[in-house]
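The values are calculated or read from the model by the stated rules, or taken from the named source; none is laboratory data. Everything numeric in this text was worked out from a predicted model, so none of it was measured. All Cβ positions, even for glycine, are placed from backbone atoms using ideal geometry, and neighbour counts span all protein chains on display.
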Amino acid sequence: MDHANHQRLNSTEYTEAVLNGATVYGPGDEKVGTISHTHGTGDAAQVVVEVGGFLGIGAKSVLVPVQQLDLMRDESGTVHAVTSWTKDSLKEMPEHKH
């Protein structure tokens, strides 16, 4: 997927309503997780990314600063994120307990 023409979100859009359910893509454009919920809003927000598992079973939740994600909308308006983390590097992070 070519993200070059995707519209970047601004920090006022870093909210639960906008980010929940967004797919997170890694450096090779592979799906590495999904944003399940947010803590806070704007530049100080953090998001919980569900990594691994199948249909929500066996997934691991990790908390990452929103600033570490490149958040954008594709041509159809779907919000997604790109990160330099791989699925394995996210799995190595401490688990976030809800």
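Can you say whether Gly42 is at positive phi, out of contact with any strand residue (DSSP E or B) (no Cβ under 7 Å at 6 or more places or on another chain) and exposed (fewer than 15 other Cβ atoms within 10 Å of the Cβ), as far as the supplied structure shows? So Gly42 passes the test.
For region 5-21, the criterion of being within 14 Å of Ser61 (Cα to Cα), of a type in the set (A, V, I, L, M, F, W, C) and buried (at least 17 other Cβ atoms within 10 Å of the Cβ) is met by none of the residues.
To keep it simple, each residue is scored yes or no on (1) touching a strand residue (DSSP E or B) at 6+ places or on another chain (Cβ under 9 Å); (2) at pLDDT 95 or above.
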site: Met1; (1), (2): yes, no
site: Thr12; (1), (2): no, no
site: Thr15; (1), (2): yes, no
site: His37; (1), (2): yes, no
site: Gly58; (1), (2): no, no
site: Leu63; (1), (2): yes, yes
site: Asp70; (1), (2): yes, yes
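Taking each residue of region 73-98 that is more than 15 Å from Ile35 (Cβ to Cβ) and looking for partners that are outside any loop (DSSP other than H, G, I, E, B) and among the charged types (D, E, K, R) with beta-carbon atoms closer than 7 Å, six or more apart or interchain, yields Lys91/Lys60; Glu95/Lys60. Evaluated against (1) surrounded by fewer than 12 Cβ atoms within 10 Å (Cβ to Cβ); (2) within 9 Å of the chain's Cα centre (by Cα), Val82 falls short on exactly one condition, (1).
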